[in-house]
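The values are calculated or read from the model by the stated rules, or taken from the named source; none is laboratory data. Source: prediction; values computed, not measured. Using ideal geometry, Cβ is built from the backbone for each residue, glycine included, and neighbour counts are taken over all protein chains shown.
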């Protein structure tokens, strides 16, 4: 695994959707008309393409990413970010899901993560599949793929923060370790 | 740091699921196990979820958190099959009853959830010595609307134990600091 290869969040250049279109979607997703989309509302609106409920952990991560004032949901302005984020991931996922099965297998996952700059051992891909394959198919669905990338990125970020001399090693105390990883895994 | 929660005494299974063939299996839990496990004789995370939901461990007949079921199976899964045989199930049943008792003893108002303050006390009483900051970080991760449900409490216990084990194995001098290389850090942390 090469540490210096940075993870790049998806910048897939999708054109920004127009406001009226987004507003329309926002209103449909915001079932209780509270002006803010909660975890549950977003989860119900999302599809992973396999007729199973969208990974609630992924939904929570995405909401937390865009929910600036910690209100437990996203308002219309923040929703634009959520929309773009998910569409970008969807485009990336489609690029790697060559057979359009709705799942990416170990090889496709390897290509995707290698494309992001990760250098991971072959055995580790087994661990990743094992951990993120919620449907036990030996492959990863769209929502679980996003989750996998989010977790990898966060762990790498938190590691880098402690690796001040950039040598790929960190020394941490027990509490530091717990605080570093508890919010991620 | 010990983890007494794991070796907690069995609460015993007091539920009416008679089963098993008389004389063949004396263990009253076996009938229950085979009813859940089905033909393959192994319990998967999904089957465990059904079982724990029916036993109403999460309270209010809400579905028991599937992620927690995965964590629990992972904790006891020695052959790394992702499923549990009877001996593991029996062990888990004892552990989870211990946890339930512990949970109920902290849940003073019997609301089925504990607040962060109660959770702090619970974690300390398991033998973990953590600063308020570290404790906050952990509790926050497992609370929904300021409350911790039983399944989240279990997930927190399992996670805390696994991460402590990882750390301890790398803390060569037993002095509370450990070194991690990037690959190792990502892999071991992800594998919990």
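So the values come out like this:
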item	result
Top-ranked residue of the range A:169-185 - restricted to ones that are in contact with a helix residue (DSSP H, G or I) (Cβ under 6 Å, 6 or more places away or on another chain) and more than 7 Å from chain B (Cβ to nearest Cβ), ranked as surrounded by the most Cβ atoms within 10 Å (Cβ to Cβ)	A:180
Verdict on residue A:120 being modelled with pLDDT of 90 or more and farther than 24 Å from residue A:23 by Cα	no
First in the range B:170-192 and over 25 Å from residue A:128 (Cα atoms), second anywhere and loosely packed, with under 14 Cβ neighbours inside 10 Å, Cβ under 7 Å, 6 or more apart	B:177/A:171
Any hit, the range B:88-98, residues being at the interface with another protein chain (Cβ under 9 Å from one of its Cβ atoms) and touching a strand residue (DSSP E or B) at 6+ places or on another chain (Cβ under 9 Å)	no
Failed condition for residue A:97, given (1) under 19 Å from the mean Cα position of the chain (by Cα); (2) more than 12 Å from chain B (Cβ to nearest Cβ); (3) closer than 30 Å to residue B:143 by Cα	(3)
Considering residues of the range A:27-48 that are in contact (Cβ under 8 Å) with a residue 24 or more places away in the chain and surrounded by fewer than 16 Cβ atoms within 10 Å (Cβ to Cβ) only, the residue farthest from the other protein chains (Cβ to nearest Cβ)	A:35
Count of residues meeting criterion [at pLDDT below 90, at the interface with another protein chain (Cβ under 7 Å from one of its Cβ atoms) and over 18 Å from the mean Cα position of the chain (by Cα)] in the range B:134-185	3
Residues of the range A:31-47 classified as over 22 Å from the mean Cα position of the chain (by Cα) and under 16 Å from residue A:77 (Cβ atoms), total	2
Condition met for residue B:109 (over 23 Å from residue A:177 (Cβ atoms), within 18 Å of the chain's Cα centre (by Cα) and either in a loop (DSSP other than H, G, I, E, B) or within 13 Å of another protein chain (Cβ to nearest Cβ) (or both))	no
Test for residue B:109: is it surrounded by fewer than 18 Cβ atoms within 10 Å (Cβ to Cβ), closer than 21 Å to residue A:171 by Cβ and free of Cβ contacts under 8 Å to residues at least 60 places away in the same chain	no
Which numbered condition residue B:94 fails, given (1) over 18 Å from residue B:113 (Cα atoms); (2) free of Cβ contacts under 8 Å to residues at least 24 places away in the same chain; (3) part of a helix (DSSP H, G or I)	(2)
Some residue of the range B:117-130 being within 13 Å of another protein chain (Cβ to nearest Cβ) and without any contact (Cβ under 8 Å) to a residue 24 or more places away in the chain	yes
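Quick grid of which residues meet (1) in contact (Cβ under 8 Å) with a residue 12 or more places away in the chain; (2) more than 18 Å from residue B:74 (Cβ to Cβ):
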{"residue": "A:112", "(1), (2)": "yes, yes"}
{"residue": "A:136", "(1), (2)": "no, no"}
{"residue": "A:141", "(1), (2)": "yes, yes"}
{"residue": "A:148", "(1), (2)": "yes, no"}
{"residue": "A:168", "(1), (2)": "yes, yes"}
